[in-house]
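These notes are about the structure you will find just below.
Only the coordinates and a few stated rules stand behind these numbers; no lab work does. Predicted model only: the values in this text are computed from it and were never measured. Please note: Cβ atoms are built from the backbone with ideal geometry, for glycine as well, and neighbour counts cover all protein chains shown.
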Amino acid sequence: MVIQQAKQSFGKRTAKVFLPVLIALNVPLLCIQVDSLLNPLDLSKAGKWAMSGSQAFDYVMVPALLVVLFVVQWLILVPMWNRFLKFRRVLLSSLFTGILISVLIGAGLGYSTWTNQLGPSINQSNTDQLVNLILLMSGFIVAYCILNIVTLYFLDRSYIRHLKFQKIQAI
């Protein structure tokens with residue numbers, strides 16, 4: 001007996017691209033907002049460059065990051081997720097793979113940030129700063145990955161149950 005995979009609607013495919021990115025990106029931004037409300041910034045001590053950096057982040061970096069995340073979700077993550085649906089333990093296998101890839105990407109980003117902060121000096125003896133940067137970058141990417149995969153799982157939960165039911169009937 002052949003297991004038939006149901007065709008997903010355009011709305012579900014669109015939701016699998018946009019919804020995980022919006023949820024996974026807005027949770028850390030919400031935490032930043034709550035932190036800024038609990039610990040207000042004194043603008044007289046921060047200076048005008050702090051405001052310029054904040055505006056550059058809000059108006060340039062966040063939209064560019066959203067575009068990049070949507071493209072990566074559409075071209076890489078959703079096709080990989082659809083391939084993971086064939087495994088028995090979809091959530092665990094995708095979380096393990098996603099966390100492993102996220103830690104490796106975070107380590108690379110942490111190392112590149114650390115080497116850029118050194119400047120022309122080649123003295124790389126500050127390994128504590130390197131470890132902190134790797135943990136920080138890996139933590140952000142792992143949190144994004146976990147939120148993304150959990151959102152995809154909840155979007156496809158009924159589809160996964162349908163596949164498991166077909167596999168049981170095929171046996």
>> On a full-extension model of 0.36 nm per residue, what is the gain between Leu100 and Lys7, subtracting their alpha-carbon distance, rounded to one decimal in nm?
In response: 30.5 nm
>> Given points 7 Å out from each Cα along the Cα-Cβ axis, report the Ala56 to Thr115 separation in nanometres with one decimal.
In response: 2.3 nm
>> Can you tell me the length gained on complete extension of the stretch Ser158 to Phe18, counting 0.36 nm per residue apart and subtracting the Cα distance?
In response: 48.5 nm
> Extension gain Arg89-Ile146, at 0.36 nm per residue separation less the Cα-Cα distance, in nm?
Replying inline: 19.0 nm
